[in-house]
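Report on the structure given below.
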Amino acid sequence: MPELPEVEVVRRGLEDHVVGRRITGVEFFGSRVVRRHLPGAPDLAARLVGRRVDAARRRGKYLWLVLSGDDGPGSALLMHLGMSGQLLVEAPDAPDEKHLHARFGFDDDGPELRFVDQRTFGGMAFSELTPGGIPETVSHIAPDPLEEDWDEELVVARMKARDSAVKRALLDQSLVSGIGNIYADEALWRASVHGERLASSLTRPALRRILGHARAVMVEALGEGGTSFDALYVNVNGASGYFDRSLNAYGQEGRPCRRCGTPIRREAFMNRSSYSCPRCQPRPRVRRD
Ligand SMILES: [Zn+2]
């Protein structure tokens with residue numbers, strides 16, 4: 001599944017290859033890709049044709065293309081890659097992909113933008129923007145640690161008020177977006193904090209440290225993801241080489257902790273797994289999730 005750094009790589013690809021171009025043709029294949037656009041595929045296509053793409057933005061794992069020609073805050077094509085979505089920039093005569101769901105042509109007759117998704121958990125919809133420039137349909141989602149609007153002190157204060165496990169707070173998209181299971185485990189390992197500790201029981205410096213590590217891990221992954229970026233392939237299938245080489249906790253069950261040598265353990269958490277070092281990240285006495 002694409003994580004936030006991979007989605008940011010895709011956003012940069014869109015910025016390089018799509019921004020500034022005017023959409024002249026839109027085709028959807030099947031209705032699943034536009035299921036969140038309730039008026040349906042023809043309505044969405046009609047709203048896009050003739051519009052220029054003015055910007056490519058992102059919050060958490062949501063991407064959107066800001067469209068030209070609006071008074072007021074404007075509107076956007078909102079996209080989510082889901083589990084396996086890919087955005088490809090390809091020559092118009094390139095053969096169709098097996099799981100092609102949408103195709104966008106531009107007035108310069110240059111490369112098309114294609115949305116390919118094997119599992120179709122991803123999709124797209126039209127959305128008005130708030131005065132802050134965020135699509136209305138995702139405006140309840142908090143800023144992510146890579147955004148300019150990211151306010152670490154605000155998030156620390158809100159986490160400090162939470163009587164829930166700190167890992168649950170990290171995964172709560174209304175507090176901070178874009179931190180998935182992998183980044184939460186890595187940040188907690190770096191901070192030497194067990195994810196079942198109560199957020200409210202941690203000191204502000206400890207919460208600051210955890211959030212700082214979450215941001216740092218993402219920035220590092222972004223650096224690595226950027227290196228695999230190909231000019232004609234707006235990458236993304238979640239297989240960033242970063243995950244093989246650089247993870248300290250996530251998926252490392254039984255391997256020695258890189259800090260103390262103790263084997264990393266796996267525990268059930270919120271119907272998923274948590275990975276941590278038993279020695280560096282001692283469990284609280286009471287289990288919480
Ligand atoms: Zn350790």
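The values are calculated or read from the model by the stated rules, or taken from the named source; none is laboratory data. Quick caveat, the model's predicted, so the values are computed rather than measured. Virtual Cβ from ideal backbone geometry, glycine too; neighbours counted across all protein chains shown.
Filtering region 251-289 down to residues that are acidic (Asp, Glu) and within 16 Å of the ligand (Cβ to nearest atom), which residue is surrounded by the most Cβ atoms within 10 Å (Cβ to Cβ)?
My answer is GLU267.
Does HIS37 satisfy the criteria of being farther than 16 Å from ALA76 by Cβ and assigned by TED's automatic domain parsing to the domain that holds GLN118? It would help to see each step written out before you state the result.
Working: farther than 16 Å from ALA76 by Cβ: no; assigned by TED's automatic domain parsing to the domain that holds GLN118: yes.
Here the answer is no, as HIS37 does not meet what is asked.
Is it the case, given these coordinates, that LEU154 is out of contact with any Asp or Glu (no Cβ under 7 Å at 6 or more places or on another chain) and aliphatic (A, V, I, L, M)? It would help to see each step written out before you state the result.
On the way: out of contact with any Asp or Glu (no Cβ under 7 Å at 6 or more places or on another chain): yes; aliphatic (A, V, I, L, M): yes.
Answer is yes for this residue.
Against the conditions (1) under 16 Å from the mean Cα position of the chain (by Cα); (2) free of Cβ contacts under 8 Å to residues at least 40 places away in the same chain, where does MET83 fall short? Just the number, please.
Of the numbered conditions (1) under 16 Å from the mean Cα position of the chain (by Cα); (2) free of Cβ contacts under 8 Å to residues at least 40 places away in the same chain, the odd one out for MET83 is (2).
Could you please find all residues in region 61-109 being modelled with pLDDT of 95 or more, under 18 Å from GLY13 (Cα atoms) and small (Gly, Ala, Ser)?
ALA76, ALA102, GLY105
Restricting attention to region 162-203, and to residues there that are small (Gly, Ala, Ser) and in a loop (DSSP other than H, G, I, E, B), which single residue is farthest from PRO263 (Cα to Cα)?
Taking region 162-203 and keeping what is small (Gly, Ala, Ser), we get 164-165, 169, 174, 177-178, 180, 184, 187, 191-192, 195, 199-201.
Checking the rest, the ones that are also in a loop (DSSP other than H, G, I, E, B) come to 164, 174, 177-178, 180, 192, 195.
Working: SER164: 27, SER174: 34, SER177: 30, GLY178: 28, GLY180: 23, SER192: 15, GLY195: 17 Å.
Going through the qualifying residues, I end up with SER174.
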